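*Asks:* Here's a structure for you.
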Amino acid sequence: MTTLKAKLQEDLTTAIRARDELHSSTLRLTLAAITKEEVAGKEARVLSDDEVLKVIAKEAKKRREAAEAFAQGGRPEQAARETAEGEFLDTYLPKQLSDEELGAIVAQAVEEAKAAGAEGPRAMGAVMKIVNPKVAGLAEGGRVAAAVKKHLA
């Protein structure tokens, strides 16, 4: 089985051969971010697929935020490009949890936290500790925190 990074490199080669500028530039920037993450710290290392997914998610989030900023700044063509890049990167990420699925996981975690003695808004940390491992990579942190706050209120 090939690694996710190898798949990205193969897709980059395919995009370059097809002269697909949008996909090739997006993949180049993403692979550069992965390489930067690999050499960060005291010694170089190879990232696992989970770590590569985190880098891709971070890059996709950057694209969405940049698209929003360009749209607010009156640059719709640049916003459209950033949006397209973000959507392309999303194809490499696992399918995100729906609000209902996330709500069910959070509700279960709130019950577990209550059983352990944590209640009300102060239980936020305890509930997040239970929820985060279950939804890692399947939901953004902001969505998770909002769902937890809603259930604790």
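*Asks:* Residues that are of a type in the set (S, T, N, Q), crowded, with 17+ Cβ neighbours inside 10 Å and more than 16 Å from residue 138 (Cβ to Cβ): does region 44-52 have at least one?
*Replies:* no
*Asks:* State yes or no: is residue 19 surrounded by 13 or more Cβ atoms within 10 Å (Cβ to Cβ), over 19 Å from residue 142 (Cβ atoms) and not aliphatic (A, V, I, L, M)?
*Replies:* no
*Asks:* Scan region 108-153 residue by residue and report those that are within 24 Å of the chain's Cα centre (by Cα) and at positive phi.
*Replies:* Correct list: 137 only.
*Asks:* For region 110-127, indicate whether the set of residues that are within 30 Å of residue 3 (Cα to Cα) and at pLDDT 80 or above is non-empty.
*Replies:* no
*Asks:* Confirm whether residue 103 is surrounded by fewer than 18 Cβ atoms within 10 Å (Cβ to Cβ) and assigned to a loop (DSSP other than H, G, I, E, B).
*Replies:* It is false that residue 103 is surrounded by fewer than 18 Cβ atoms within 10 Å (Cβ to Cβ) and assigned to a loop (DSSP other than H, G, I, E, B).
The values are calculated or read from the model by the stated rules, or taken from the named source; none is laboratory data. Not measured: the values here are computed from a predicted model. Note that we place each Cβ from the backbone using ideal geometry, even for glycine, and neighbour counts take in every protein chain shown.
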